[in-house]
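Have a look at the structure below before the remarks.
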Amino acid sequence: MSIERISCNFMNSNLLKHSFFQHSDLSNVTFTDSASLIACDYDIVFYRKALFKETGIPLPTVIHNAATKRQAEYIAGRYVAKKAIKTLGIEVDEILIGNNRAPIWPSNVVASITHTNKTAVCVAASTQQINYLGIDLENILSAQLAKDLVPYIINNQEQQLLHNLSIPFEKALTIIFSAKESVFKALYPQVKRYFDFTAVQITTLCTETKLLSMILTEDLSLQLPKGMPITGRYLQYHDQIFTYIIKCQEEG
């Protein structure tokens, strides 16, 4: 499966209607003709609750009294999600919040949302063409935070792998952290339970091709057995790392 960067613009002119929503160059990334990516940058300084009414995005009760940061993240994520699904020819009024705060997608849609404090991204596709997909966006960790998080993210083999790379350790660890988050988001709809980072091991990380190879280290389901290989890719967007996992139906 080829994944390439192309010069295209998924965002329409209405994106800049509000200064809260801003253009993101991540809109220039696509996976296959079957999957659509929509991204926007956003500025929390310009957030106001009236944006929910102006964009036609329902404000859930659990979000209504949340902190401003949470409300801004939520509306940015739902904004790009609705647009991503619309590119599939599907109109959706509301994307509900399910168990463990996971979005409830239309029955014929497979999708994934991610956001940081300044960028929101959604990738959506038809279940007839895509088996699973997961995306994640992370701010690059500081050196100290990366050091503190090592025991929770990687094992000794992965740690040695990262130390052998030519990029800073904190950047490499951010890539691994984000890739494992993408795997979780991709497989959770099938597994329907939490699983730890230890369930996924990074075996190779190529900084030239931006390709990651991974394997499952435990049985997650009959269809997701121990030893199953998973391929992902990453790219850097300003001071953030974006990772993505996608598997087409024809791949088996």
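Quick rundown of the values:
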read-out	value
Lys210-Phe169 pseudo-label distance in nm [points 7 Å out on the Cα-to-Cβ vector]	2.6
Computed magnitude of the charge dipole of region 4-128 (debye, nearest 20; Cβ of K, R +1, Cβ of D, E -1)	400
Angle between the chain longest axis and helix 169-191 axis [Cα atoms, degrees, rounded to 10]	70
Length-normalised contact order for the chain - Cα pairs under 8 Å, 6+ apart - percent	15
GNM result for the chain, Cα springs below 10 Å: residue of Gly134, Gly89, Gly77 fluctuating most strongly	Gly89
Alpha carbon centroid spacing (whole Å) that separates region 176-241 from region 77-91	25
The chain: radius of gyration over Cα atoms, expressed as a fraction of 2.2 N^0.38 Å	0.99
Positive dipole terminus of the chain, leading residue within Val80, Gln160, Tyr234 (C-beta point charges)	Val80
Test item: Cα-centred dipole of the chain, Lys/Arg +1 and Asp/Glu -1 on Cβ, debye	600
Dimensionless Rg over Rh [region 139-238; C-alpha; Kirkwood]	0.96
Cut-off 17 Å, label 7 Å out along Cα→Cβ of Gln128, residues of region 26-66 by amide N	33-36
Charge-dipole axis of region 139-238 as Lys and Arg at +1 and Asp and Glu at -1 on Cβ define it, positive-most pick from Leu149, Ile176, Tyr188	Tyr188
About the Cα centre, charge dipole magnitude for region 168-252 (Lys/Arg +1, Asp/Glu -1 at Cβ), debye	140
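We did not get these values from a lab; they are worked out from the coordinates using the rules stated. Remember, it's a predicted structure, so these values are computed and weren't measured experimentally. Heads up, the Cβs are rebuilt from the backbone with ideal geometry, glycines too, and the neighbour counts pull from every protein chain shown.
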